[in-house]
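*Asks:* This is the structure I want to talk about, given as structure tokens.
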There are 6 protein chains.
Amino acid sequence: MGLNEFILGLNNLEKITRAPGFFKFTEHTVAAHSYRVASIAQVLGDIEENQGVSIDWKTLYEKSLNHDYTERFIGDIKTPVKYASKELRGMLQTVEEKMTDEFINQEIPEAFQEIYRRRLFEGKDESVEGEILAVADKVDLLYESFEEIIKNNPESVYKEMFVESIHTIKEYGHRPSVQYFFQEIFPELLNRDFYGREVFLESVYKIID
Amino acid sequence: MGLNEFILGLNNLEKITRAPGFFKFTEHTVAAHSYRVASIAQVLGDIEENQGVSIDWKTLYEKSLNHDYTERFIGDIKTPVKYASKELRGMLQTVEEKMTDEFINQEIPEAFQEIYRRRLFEGKDESVEGEILAVADKVDLLYESFEEIIKNNPESVYKEMFVESIHTIKEYGHRPSVQYFFQEIFPELLNRDFYGREVFLESVYKIID
Amino acid sequence: MGLNEFILGLNNLEKITRAPGFFKFTEHTVAAHSYRVASIAQVLGDIEENQGVSIDWKTLYEKSLNHDYTERFIGDIKTPVKYASKELRGMLQTVEEKMTDEFINQEIPEAFQEIYRRRLFEGKDESVEGEILAVADKVDLLYESFEEIIKNNPESVYKEMFVESIHTIKEYGHRPSVQYFFQEIFPELLNRDFYGREVFLESVYKIID
Amino acid sequence: MGLNEFILGLNNLEKITRAPGFFKFTEHTVAAHSYRVASIAQVLGDIEENQGVSIDWKTLYEKSLNHDYTERFIGDIKTPVKYASKELRGMLQTVEEKMTDEFINQEIPEAFQEIYRRRLFEGKDESVEGEILAVADKVDLLYESFEEIIKNNPESVYKEMFVESIHTIKEYGHRPSVQYFFQEIFPELLNRDFYGREVFLESVYKIID
Amino acid sequence: MGLNEFILGLNNLEKITRAPGFFKFTEHTVAAHSYRVASIAQVLGDIEENQGVSIDWKTLYEKSLNHDYTERFIGDIKTPVKYASKELRGMLQTVEEKMTDEFINQEIPEAFQEIYRRRLFEGKDESVEGEILAVADKVDLLYESFEEIIKNNPESVYKEMFVESIHTIKEYGHRPSVQYFFQEIFPELLNRDFYGREVFLESVYKIID
Amino acid sequence: MGLNEFILGLNNLEKITRAPGFFKFTEHTVAAHSYRVASIAQVLGDIEENQGVSIDWKTLYEKSLNHDYTERFIGDIKTPVKYASKELRGMLQTVEEKMTDEFINQEIPEAFQEIYRRRLFEGKDESVEGEILAVADKVDLLYESFEEIIKNNPESVYKEMFVESIHTIKEYGHRPSVQYFFQEIFPELLNRDFYGREVFLESVYKIID
């Protein structure tokens, strides 16, 4: 009933697969996703800093590394379920918070409980670091879905994920890292040949411009 | 926008793994689970009929075969989440019903909508067939978790599943098939050697008796 | 030596992969296939009933759910082997029947043996339900092989399976459900974009018309 | 329609899993099995030569490397089916030979057909090399099943495979390599700790002595 | 030729499996390992801070998150190879550094090259954060190997890894987090039942005391 | 400490995956690769013999079957690392030889040590059989990478492997089997339809001619 339980919980996150139910060429676990999001947040943080924004790196790393740890308790609830109504979303969040709280009270030694309370609660707030996390989470989804698209995955859900990612990233268009992403990184990513590329790119550019 | 979508949806159920997040020696998909539950319901139905209970076989097969089809829409929401509060459970059910309804309206031809409305809504009602489905669902969980236990799976969740299954099955102790199960089938299942068997069996028999 | 063995046997069917030896993007087990065939038979049964055909639902579900259970004993013998000669086919069937009989005598309690004798023997007879099962089995193969084709699986065996399925389904062209399938469901299935689509569709339509 | 087809066929053997239908901790393909049997035949050949037996190495390697290539055509027919009757076994062998013959006539250039006729037909004849192949095939099965046993695989089939392997190897007790195997190699293999070891070893030694 | 390549490289780390060649019940990728090590370093950092040690969190997260990124270029070279001679170890390190340097020069925009030079070079230096990384890397190996041991994995390599981890962690016995680990976390981890537990624990406690 | 260890080592080779780190549709193990290379060497040996070259078959089989056994000790060191400098390559080879030597001294009975010394050391010498092995190793890589290419694997590494294989095979253009391969076998292999075929073939033919 100490920190051992927190570490053992990492095992669970290596066993939860993202986007269950859909055919995919490459499976991603929540553990690998967390690693990827923290690494992408790091890339974005560098860009922001390079553009003169001051970054609280401890917060950025902490937020991004731990942002999905609580999926261990509540699992990967499907987006359409989560967003079915504002009320349901609120209730699910309450359940998540209750279960997280219970975990902290039972498994984390008192000396560290305060830290875990901060660490395991939703990190996507309105701070610079919260915004970068929100962007990094979607950049990862964008890479993940694009990898399926270039392999001609026939499930339409990956095109929807890709488009949805772009839309969400665009909402943070005021962030220098987002501007840099669309100018320098995204065009490089798209620069690959695959069947149906022209039609796909056309529809993508319609969204960005 | 016809029955093709219903058939394609079976693919999704072959890709949703039960009990995500836990180490397991054998993965079970929702599709395979549905096959198992229908087969077990068939076994239980035979027993009931043999004891003089009249079975509506069409209903029994239909209920058991389709009882988890809607997981395609809402996924496999974790038990502790589902049962966090009566209110939440009600709301999740409302969402599930809404999504199922939407699917039926959009994808099923009018001539068949009524049938699917019956088929895709929760089958565990208080009819004989609804009760048999409830038992079959837990008998499957019991076999599934026992297979992990005899392989010495160290995750305690499988012992919890096993015990929980027994408890639920016992609630239907008035059903002849449940009495037969505990007298004739269950002892045969337990009759295997594995490390920790004595301690395990002792705790099991405490529940049954 | 009772019904426990029948239930344990379901495990084996979750571990037998269809079409062994060929590269495939999606593996299907005999358990999942059985679930799919029962679900497809259900779709076809609805259509028949809607067209005024009287369906014995108990028989239809029973036949389709159990039609491959005996693969547990004899495995998945390759089609070219099975059909090498009428004589061999007869002998293999005799072996299958013998092994099934032995299983029933040894593992099924006397009170249920008669039922299992009916249940585990070849269901594709000339009854309406037997014909629907034969069609459903091939519709599943058609969906299975088409999923590989749209992912550009280079193994030619999937095109052969697809074509063979259509041919067999067409043999049951007198069934209302088959007519409905080719008019309403099949065109929807084909309506996806993939490399080599035109050439493929042309060859398919040559068979249907 | 030349040697390319023979090479492509190796792919199929990398995709056929041995002992389909049973739970296993480690899957073995026919390709890996062929590699193992050729390597074990090599070990046995060394021992024989060391004891003064003259070995035709070309034949030994050729027989062991190719002994299961034809599974590509006929699949892995279950032992109880194969041995159901002498007549059936004869007929299955005829089918296998016919399919192999057809493959050779259609896919192998004339200049090499004679070689493949020798190579792809049953290698377990009564020559020294044929006997070594028969032993090597069973030594591999013995290692394969023992690996499952020490991991406490609850499927009884692995103990049956293990025992059956010992019995068959013992039939070749006149071969110096078999005597060496039981004296020098087998005791080393058994020298591992696992749950149920004493009971298991006792039953094993009863067979050997 | 910008940051896109760095992000795409994360894919490779999701596809490199740790400890190749050995049977394992649970596979771990380098990506998941990196996530785990960063999370464990976080736990250790909390403990140190709680004991009055000042932690540079940016450095700790950066070191732990990126410490194996270069495995993308050089792969997972086996420990006995790496440590065969001091000279070889030096040369391998030179190669790694050269390849990393090349990657940075070719793929990272100039403005960020300095940062990546720091980030992708060996982080286990003699700073507090470098020491915590070294400990976290071994704590992860210890958890990883212990999970195999309690499942009775017969490969002796996991016991060697476990013991080696303890030895290395003990070398950092001057760190408050290591003292806390052995007093509070480790005993909780060991507190599980498995076959051979007594013998195993005895050998473990001989090392620690 | 006898031949048992050599046989157990085959397990390791069934667990080492080729080309770790890259997305692939089909995984190949070192065990399966060894089987394939021995089978391809056999094909090439036939061709050479047919053209009047005298083949020492024992040597050819022995070399090809065992050529990667030592990967068990040193793993699959990435090509760019291995070839980083002549000096490093020399040192890695020394390590490999030392580890192999140690294995032979400790695990192989004296009577067979001489044989294993010959068998486990690099087989690609300048003999006819050594050259055929070198070609067979690359023909396998060519088939392996081509299978990825026709499935539109977006990783460029497979095109590089394919091209590199052709270059190496061409270096042995004086061998009759290589001439036959490019005239009779290779064109058959290329004769499949896939997206991007024209551009790909053009670039391939530029190399061959």
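*Asks:* Identify the single condition in (1) surrounded by 15 or more Cβ atoms within 10 Å (Cβ to Cβ); (2) under 22 Å from B:K58 (Cβ atoms); (3) modelled with pLDDT of 90 or more that B:G123 does not satisfy, given that it satisfies every other one.
*Replies:* (3)
Yes/no per residue for (1) in contact with a Leu (Cβ under 6 Å, 6 or more places away or on another chain); (2) within 23 Å of F:N11 (Cα to Cα):
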position	(1), (2)
F:E87	no, no
F:K98	no, yes
F:L120	no, yes
F:K124	yes, no
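*Asks:* Further, regarding this structure: Out of (1) surrounded by 19 or more Cβ atoms within 10 Å (Cβ to Cβ); (2) touching a residue at least 12 places away in the same chain (Cβ under 8 Å), the odd one out for F:D46 is which?
*Replies:* Status for F:D46: all satisfied but (2).
*Asks:* Next question, about the same structure. Based on this model, can you work out whether D:E87 counts as at pLDDT below 90 and over 17 Å from the mean Cα position of the chain (by Cα)? I'd like the intermediate steps shown before the answer.
*Replies:* Details: at pLDDT below 90: yes; over 17 Å from the mean Cα position of the chain (by Cα): yes.
Against the criterion (at pLDDT below 90 and over 17 Å from the mean Cα position of the chain (by Cα)), D:E87 qualifies.
*Asks:* Sticking with this structure for a sec: Quick one: B:E96 ticks every box in (1) away from every other protein chain (no Cβ under 12 Å); (2) crowded, with 20+ Cβ neighbours inside 10 Å; (3) not hydrophobic (A, V, I, L, M, F, W, C) bar one, so which box is it?
*Replies:* Of the numbered conditions (1) away from every other protein chain (no Cβ under 12 Å); (2) crowded, with 20+ Cβ neighbours inside 10 Å; (3) not hydrophobic (A, V, I, L, M, F, W, C), the odd one out for B:E96 is (1).
*Asks:* Among E:A111, E:A32, which is within 21 Å of the chain's Cα centre (by Cα) and of a type in the set (A, V, I, L, M)? Quick ask: steps written out before the conclusion?
*Replies:* Working: E:A111 fails: within 21 Å of the chain's Cα centre (by Cα).
Only one candidate qualifies: E:A32.
*Asks:* Further question on the same structure: Could you tell me whether any residue of the stretch F:84-93 is in a helix (DSSP H, G or I) and crowded, with 21+ Cβ neighbours inside 10 Å?
*Replies:* Going residue by residue through the stretch F:84-93, those that are in a helix (DSSP H, G or I) are F:86-93.
From what is left, the residues that are crowded, with 21+ Cβ neighbours inside 10 Å are F:92.
Yes, there is a match, as at least one residue in the stretch F:84-93 is in a helix (DSSP H, G or I) and crowded, with 21+ Cβ neighbours inside 10 Å.
*Asks:* Condition first: under 20 Å from B:Y69 (Cβ atoms) and among the acidic types (D, E). Now tell me which residues in the stretch C:1-58 satisfy that.
*Replies:* Once the filter is applied, which keeps residues that are under 20 Å from B:Y69 (Cβ atoms) and among the acidic types (D, E), the stretch C:1-58 yields C:E14, C:D46, C:E49.
*Asks:* Here is a follow-up. Looking only at the stretch F:153-163, count how many residues are within 16 Å of the chain's Cα centre (by Cα) and crowded, with 17+ Cβ neighbours inside 10 Å.
*Replies:* Within the stretch F:153-163, residues that are within 16 Å of the chain's Cα centre (by Cα) and crowded, with 17+ Cβ neighbours inside 10 Å number 3.
*Asks:* For the stretch F:44-69, name all the residues that are acidic (D, E) and either out of contact with any Phe, Trp or Tyr (no Cβ under 6 Å at 6 or more places or on another chain) or more than 9 Å from chain D (Cβ to nearest Cβ) (or both).
*Replies:* In the first step, residues of the stretch F:44-69 are kept if they are acidic (D, E); the result is F:46, F:48-49, F:56, F:62, F:68.
Within the stretch F:44-69, F:E48, F:E49, F:D56, F:E62, F:D68 meet the criteria.
*Asks:* Select from the stretch E:126-140 the residues that are part of a loop (DSSP other than H, G, I, E, B) and either under 16 Å from B:P154 (Cβ atoms) or at pLDDT 95 or above (or both) and list them in ascending order. Step through it out loud before you land on a result.
*Replies:* The first filter runs over the stretch E:126-140 and keeps only residues part of a loop (DSSP other than H, G, I, E, B), leaving E:126-127.
Within the stretch E:126-140, E:S127 is the sole residue that qualifies.
*Asks:* Let me ask another. Please enumerate the residues belonging to the stretch A:141-192 that are assigned to a loop (DSSP other than H, G, I, E, B) and under 22 Å from A:D68 (Cα atoms). First the steps, then the outcome.
*Replies:* Looking only at the stretch A:141-192, we keep the residues that are assigned to a loop (DSSP other than H, G, I, E, B), and these are A:151-156, A:172-175, A:191-192.
Passing the criteria: only A:Y172.
*Asks:* What are the pairs, 6+ residues apart or on separate chains, where a residue within the stretch D:184-209 that is within 30 Å of D:E48 (Cα to Cα) has its Cβ under 8 Å from a residue that is of a type in the set (S, T, Y)?
*Replies:* These pairs meet every condition: D:L189/D:Y143.
*Asks:* Hey, could you check the stretch C:31-43 for residues that are at the interface with chain B (Cβ under 9 Å from one of its Cβ atoms) and aliphatic (A, V, I, L, M) and say which is farthest from C:Y180 (Cα to Cα)?
*Replies:* C:A31
*Asks:* Being touching a residue at least 12 places away in the same chain (Cβ under 8 Å), more than 10 Å from every other protein chain (Cβ to nearest Cβ) and under 16 Å from the mean Cα position of the chain (by Cα) narrows it down to one residue among E:E148, E:E144, E:E131; which is it? Show your work before the answer.
*Replies:* Working: E:E148 fails: under 16 Å from the mean Cα position of the chain (by Cα); E:E144 fails: more than 10 Å from every other protein chain (Cβ to nearest Cβ).
Checking each option against the conditions leaves just E:E131.
*Asks:* A further question follows. Among the residues of the stretch A:4-23, how many are assigned to a loop (DSSP other than H, G, I, E, B), in contact (Cβ under 8 Å) with a residue 24 or more places away in the chain and either within 7 Å of another protein chain (Cβ to nearest Cβ) or under 17 Å from E:E184 (Cβ atoms) (or both)? Walk me through it before giving the result.
*Replies:* Of the residues in the stretch A:4-23, the ones assigned to a loop (DSSP other than H, G, I, E, B) are A:14-16, A:18-23.
Imposing the further condition that a residue be in contact (Cβ under 8 Å) with a residue 24 or more places away in the chain reduces the set to A:16, A:18-20, A:22-23.
Okay, now just the ones that are also either within 7 Å of another protein chain (Cβ to nearest Cβ) or under 17 Å from E:E184 (Cβ atoms) (or both), so A:16, A:20, A:22-23.
Of the residues in the stretch A:4-23, 4 are assigned to a loop (DSSP other than H, G, I, E, B), in contact (Cβ under 8 Å) with a residue 24 or more places away in the chain and either within 7 Å of another protein chain (Cβ to nearest Cβ) or under 17 Å from E:E184 (Cβ atoms) (or both).
*Asks:* Now, a different point. How many residues are hydroxyl-bearing (S, T, Y), within 24 Å of D:N11 (Cα to Cα) and modelled with pLDDT of 95 or more when one looks only at the stretch C:153-194? Break it down into steps so the answer makes sense when it comes.
*Replies:* First, the residues of the stretch C:153-194 that are hydroxyl-bearing (S, T, Y): C:156, C:158, C:165, C:168, C:172, C:177, C:180.
If we keep only those that are within 24 Å of D:N11 (Cα to Cα) too, we end up with C:156, C:158.
Right, trim to modelled with pLDDT of 95 or more and you get C:158.
Residues that pass the stated criteria total 1.
*Asks:* Counting only residues that are more than 8 Å from every other protein chain (Cβ to nearest Cβ) and not in a helix (DSSP H, G or I), which one in the stretch C:70-83 is modelled with the highest pLDDT?
*Replies:* C:T70
*Asks:* Can you tell me which residues in the stretch F:55-94 are in contact (Cβ under 8 Å) with a residue 12 or more places away in the chain and hydroxyl-bearing (S, T, Y)?
*Replies:* F:T59, F:Y61, F:S64, F:Y69, F:T70
*Asks:* Taking the stretch B:172-201, which residues are surrounded by fewer than 14 Cβ atoms within 10 Å (Cβ to Cβ) and away from every other protein chain (no Cβ under 14 Å)?
*Replies:* B:G173, B:H174, B:L201
*Asks:* Can we say C:K138 is at the interface with another protein chain (Cβ under 10 Å from one of its Cβ atoms), more than 30 Å from C:G2 (Cβ to Cβ), surrounded by 15 or more Cβ atoms within 10 Å (Cβ to Cβ) and in contact with a Ser or Thr (Cβ under 9 Å, 6 or more places away or on another chain)? Don't jump to the end; show me each part of the working.
*Replies:* Values: at the interface with another protein chain (Cβ under 10 Å from one of its Cβ atoms): no; more than 30 Å from C:G2 (Cβ to Cβ): yes; surrounded by 15 or more Cβ atoms within 10 Å (Cβ to Cβ): yes; in contact with a Ser or Thr (Cβ under 9 Å, 6 or more places away or on another chain): yes.
No: the conditions fail for C:K138.
*Asks:* Would a scan of the stretch B:56-65 turn up a residue that is within 21 Å of B:V128 (Cα to Cα) and not in a helix (DSSP H, G or I)?
*Replies:* As a first pass, look at the stretch B:56-65 and keep what is within 21 Å of B:V128 (Cα to Cα): B:56-65.
Retained after the next criterion (residues that are not in a helix (DSSP H, G or I)): B:56.
Scanning the stretch B:56-65, I find at least one residue that is within 21 Å of B:V128 (Cα to Cα) and not in a helix (DSSP H, G or I), so the answer is yes.
The values are calculated or read from the model by the stated rules, or taken from the named source; none is laboratory data. Predicted model only: the values in this text are computed from it and were never measured. Cβ atoms come from the backbone with ideal geometry, glycine included; neighbour counts cover every protein chain shown.
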